[in-house]
1. Taking Cα centroids, how far is the range 369-383 from the range 422-447 in Å?
2. Mind giving me the FRET efficiency for L444 and A298? R0 is 56 Å, r the Cβ-Cβ distance, nearest 0.05 is fine.
3. Using a 1.4 Å probe on the protein heavy atoms, what percent of the accessible area of the chain belongs to carbon and sulfur?
4. Under 23 Å from the Cα of K200, which lysines turn up, not counting those fewer than eight places away in the same chain?
5. Rounded to whole Hz and in sequence order, give me ³J(HN,Hα) for the range 404-413 from the Karplus expression 6.51 cos²θ - 1.76 cosθ + 1.60, θ = phi - 60°, writing x for Gly and Pro.
6. Which of the peptides 244-256, 221-233 is most tightly packed, and how do the rest follow, judged by the mean count of other Cβ atoms within 10 Å per residue?
7. What is the range 317-442 by shape, rounded, prolate or oblate, if you read a ≥ b ≥ c off the alpha carbon gyration tensor as root eigenvalues and call it rounded for a/c under 1.5, prolate for a/b larger than b/c, and oblate otherwise?
8. Sorted by packing (mean other beta-carbon atoms within 10 Å per residue), highest first, where do 367-375, 97-105 land?
Amino acid sequence: MANQEQWTSKIGFILAAAGSAIGLGAIWKFPYMAGTNGGGIFLLLFILFTLLIGTPILIAEFIIGRNAQKDAVSAYRKISPKKPWYLIGYGGVIASLILLSFYSVVGGWILSYLVRSFSGSLSGLSQSDYNGLFNDIISSPTETILAQFAFMILTIIVVQGGVQKGIEKASKYMMPALFILFIVLLIRSVTLDGAMEGIKFFLQPDLASLSKETVLLALGQAFFALSVGISVMVTYASYLSKKEDIAKSAFSVVALNIFISILAGLVIFPAVFAFGFDPASGPGLVFVVLPAVFNEMAFGTLFMAIFFILLLFATLTSAFSILEIMVAVMTKNDTKKRKKASWISGLTVFVVGIPSALSFGVLSDVKLFGKTIFDFADFLTSNIALPLGAMLISIFVGYQMKRFEVQKELELGTASTGKFFRMWYFLIRYVAPIGIFFILLSSLGII
């Protein structure tokens with residue numbers, strides 16, 4: 001414990017945890033999911049499920065990590081030493097490795113676009129040109145691998161610096177910058193002629209768009225948006241002081257995540273509608289449609305560069321947390337081993353991610369259960385590993401940990417009564433596991 005690092009402040013922890021949650025899920029995935037699933041009704045369901053299912057799981061991970069003050073594997077061992085619950089931690093490490101292996105590929109794409117936005121080569125193209133450019137980038141073996149490598153180097157450099165001087169320091173700069181850049185883009189987007197149609201589409205729920213698929217997709221998005229299920233937040237909470245209020249910290253992270261998701265929608269949809277593009281463009285919304293939208297704006301090159309800087313910051317802060325879980329397990333909180341562990345973990349992620357980087361080019365014919373290597377890695381983590389891990393975490397906290405210990409940990413650093421605990425405990429024991437179970441059934445095509 002002598003070498004155990006801690007966050008220097010509550011705000012440092014909240015910004016780092018929010019940075020973990022606010023990544024590609026909020027800025028890349030959420031807008032295109034909302035665009036293809038009815039806009040306002042999807043947003044409403046997303047907020048509802050984030051509060052009822054995502055938040056209880058987030059608090060549960062905070063309780064495990066802060067209670068044990070150890071890495072994701074050792075935390076479960078300390079709390080339940082005679083049972084194999086520590087396998088949740090190992091599962092989280094493996095899932096994190098796979099997750100970051102393809103996540104870093106998308107991070108590489110963002111770097112490629114950012115370089116092009118600075119050089120001016122993204123300007124003056126048609127939408128078909130942007131579509132062709134995207135296909136050229138993701139199918140180029142040299143560019144995708146080099147860009148993925150550069151993204152992982154940036155991630156390793158920050159994580160090797162430690163909790164305080166690396167992750168917390170970077171998050172304290174990147175997260176405020178992210179908010180400022182978002183506000184700049186928001187002002188430009190909502191003042192465009194025709195922007196109101198996009199605002200209505202995003203903020204006004206249309207019950208005609210409500211379907212079983214929309215409900216399940218919103219449930220899944222709410223769940224994945226908070227980085228819960230692979231014990232990333234267990235790791236981050238292990239560096240949290242016993243004096244801090246876990247519930248308030250969790251709600252701060254949730255509020256920031258919802259806020260950024262709404263900002264992303266208010267930046268993207270007014271601009272998309274103003275220039276007559278299709279909001280249901282799917283995953284290519286950010287890489288194909290948005291560059292075409294920015295190209296139509298005055299000072300579009302500048303706003304395009306701002307957007308990809310913002311997207312890079314969000315992607316990096318998530319990558320820090322995913323790599324940190326591996327580093328923490330390797331070092332067992334021994335700061336002397338951090339640098340070596342960061343490079344070993346980071347380079348391993350890079351090597352594992354090479355097939356995903358090549359899966360839209362030279363390995364495009366290689367299929368696993370009918371999916372490209374990239375899509376299979378995404379499906380394996382997002383649709384199976386994360387919900388399964390979250391369900392096990394909810395069961396662990398709700399049924400394995402002693403109720404009085406859970407309540408004591410939750411109420412440390414706060415003057416709250418037992419009313420909030422009883423409400424949260426009901427959600428973690430019954431609502432969250434059932435909701436996640438439906439996500440799993442849906443992901444596997446059973447319902």
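The values are calculated or read from the model by the stated rules, or taken from the named source; none is laboratory data. What you see is a predicted model; the values in this text were computed from it and never measured. Glycine also receives a Cβ, built like all others from the backbone with ideal geometry; neighbour counts cover every protein chain displayed. These accessible areas exclude ligands, DNA and RNA; they are computed on the full protein's heavy atoms, side chains included. Shrake-Rupley method; radii C 1.70, N 1.55, O 1.52, S 1.80 Å.
1. 22
2. Values: r = 48 Å, r/R0 = 0.86.
Efficiency, from the Cβ-Cβ distance: 0.70.
3. In the chain, the share of accessible area belonging to carbon and sulfur is 66 percent.
4. Reachable lysines: K29, K212.
5. Computed from phi, the couplings for the range 404-413 are 5, 5, 5, 5, 4, 5, 5, 8, 5, x Hz.
6. Values: 244-256: 20.4, 221-233: 28.0.
Ranked by mean Cβ neighbours within 10 Å, highest first: 221-233, 244-256.
7. On the way: a/c = 3.63, a/b = 1.51, b/c = 2.40.
Cα axes put the range 317-442 in the oblate bin.
8. Details: 367-375: 15.2, 97-105: 25.4.
Final packing ranking: 97-105, 367-375.
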